[in-house]
């Protein structure tokens with residue numbers, strides 16, 4: 001009995017243990033089921049998120065595809081716009097030289113003639129004027145003036161001309177903006193008349209102080225001329241003739257130089273009685289310009305871009321081009337106006353600080369230095385004494401000096417057709433290279449004369465070598481550095497910064513002119529036969545700089561030249577410029593008044609810049625372009641003014657402007 005009970009109890013206990021195990025197992029299974037349920041719910045949530053992401057990605061891909069299609073349309077439109085611009089430029093290149101344009105250039109270049117005449121007028125009568133100074137000093141103080149003191153006073157009278165030129169060049173930009181190019185030239189002749197009168201009456205008054213003051217006033221006059229005349233000529237000249245007509249500046253200088261040298265010989269006005277008339281004749285170009293210039297129009301670019309007088313600009317262009325169809329010139333000037341809005345009304349300090357304009361400013365300054373520090377002024381101011389030191393007789397030296405002026409004039413005439421055919425940069429390189437070679441020959445001729453001075457035949461041979469080398473030096477100067485710096489400085493800048501740039505460049509030119517004029521005698525005393533070696537070294541530096549840094553501006557519009565330097569500067573530096581905000585405001589204000597083709601060019605140029613520079617991530621670039629192009633199109637193309645077709649008036653029926661851009665297909669899309 002007890003055995004049976006024990007077995008029953010064991011069986012019940014065993015069943016209880018199995019039930020407990022089952023309960024534990026069920027609890028574990030329930031826990032796993034709960035975890036599995038949570039995992040399934042989490043997976044469902046993740047699947048929903050993935051679906052949403054896929055929908056968003058699909059939307060973004062659709063947007064990217066649409067942006068790609070729109071960019072292709074923009075590219076096609078850019079091609080059509082470039083073709084239209086090319087046709088417009090070809091029509092500008094077909095313009096010719098008219099009678100009234102020639103008249104205006106002749107009237108303006110009288111200012112450069114004045115500059116050349118007063119540069120060379122003191123060369124031939126040097127000894128005569130020094131002897132007169134000694135006589136005046138003897139009459140005043142009853143004692144003799146030493147030769148060294150007379151040379152020092154005369155050297156100062158020669159060099160004070162450059163001091164006045166610095167002042168005139170410095171204020172040239174302000175005068176150009178205040179009174180206009182033509183107005184500034186007219187007012188400048190008051191100084192020309194006054195200075196000429198002072199120099200003409202200096203002997204009657206027995207006052208060499210009047211000579212110095214007159215030279216200073218004429219220096220201011222010529223400094224203004226060297227700033228205003230190249231500016232005026234470059235702004236009225238057609239695109240295809242701008243290089244050749246710009247060379248006329250130097251032609252005026254060389255003609256003035258030649259005439260002053262011819263009149264300065266002893267057989268004419270280089271005598272004791274004639275030299276005051278020689279100096280006083282500087283009044284003639286000033287009087288002639290006062291008579292001729294009032295008939296000429298003001299610069300059309302100044303009227304349209306600076307003064308905003310479009311109708312007056314059109315009238316001036318019709319007179320200069322002898323044609324009523326001047327829309328191509330107006331469009332080109334508007335393009336320049338739009339391109340230079342960021343530099344509108346710029347001062348000299350803003351010009352120096354602007355990162356966008358720093359490169360063309362440096363080029364303009366170095367080009368001016370390459371003209372003055374080449375050694376040409378040493379030849380022009382002291383050519384007679386240079387030839388005398390090389391062994392020539394006094395009469396032969398004076399006639400050789402006249403030969404310098406004649407050679408410069410002839411070679412300047414030769415360079416006029418070459419300027420627009422060969423190019424400014426190429427001619428400047430040829431000029432600097434030739435001057436470098438002949439400056440070495442001049443030094444060699446001096447050295448051989450010293451070492452073989454005891455052989456008379458060698459002296460005669462070296463005298464001729466010195467003359468030939470000097471004339472060769474002048475030939476290559478006339479080909480390049482003589483005319484190109486005046487012209488290219490005006491070409492490198494658009495209408496806004498051009499006056500300030502010309503002021504800085506002309507100021508640097510006159511400072512270098514003064515340094516060479518006042519320091520050449522001391523340099524010659526210190527280096528003797530090696531006088532031209534520093535100029536040879538500088539010519540080599542200028543050649544390398546021109547080869548590396550100076551762009552070719554032949555047959556390029558001012559807008560195209562501006563783009564060359566804009567592409568050389570990063571976008572961030574341009575945005576950081578203090579002028580960038582004013583540019584955007586000006587462009588937005590002008591958009592509603594621009595022709596369709598120019599608005600398209602403005603928008604596309606900005607979009608291209610944003611595409612290349614603003615976004616490191618291509619997807620961000622496409623996303624931004626979608627919003628940006630919608631905004632721009634609504635502002636620039638949705639409601640064009642009624643006068644937007646004005647730029648196409650007068651064109652041939654077969655020539656049509658490019659069609660407007662298609663309307664945006666997704667104006668509100670954005671990622």
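Read-outs: derived from the displayed coordinates by stated rules, not from any lab. These figures come from a predicted structure and were not determined experimentally. Positions of Cβ are backbone-derived with ideal geometry, glycine not excepted, and every protein chain shown enters the neighbour counts.
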**Request:** Let me know the Rg and Dmax you get for the range 258-360 when you use only its Cα atoms, in Å.
**Result:** 22.0, 59
**Prompt:** Which order, highest average first, do 76-83, 527-534 follow once you tally other Cβ atoms within 10 Å for each residue and take the mean per peptide?
**Reply:** 527-534, 76-83
**Item:** Order of 154, 547 under a 10 Å beta carbon neighbour criterion, fewest first
**Value:** 547, 154
**Item:** For the range 1-84, diffusion coefficient by Stokes-Einstein and Kirkwood Rh (Cα), 4 °C, 1.567 mPa s, µm²/s
**Value:** 65 µm²/s
**Message:** Based on the alpha carbons, how large is the Rg to Rh ratio for the range 115-219 when Rh follows Kirkwood?
**Reply:** 1.06
**Message:** As a footprinting exposure proxy, order 548, 138, 307, 203 by other Cβ within 10 Å, with the fewest listed first.
**Reply:** 548, 138, 307, 203
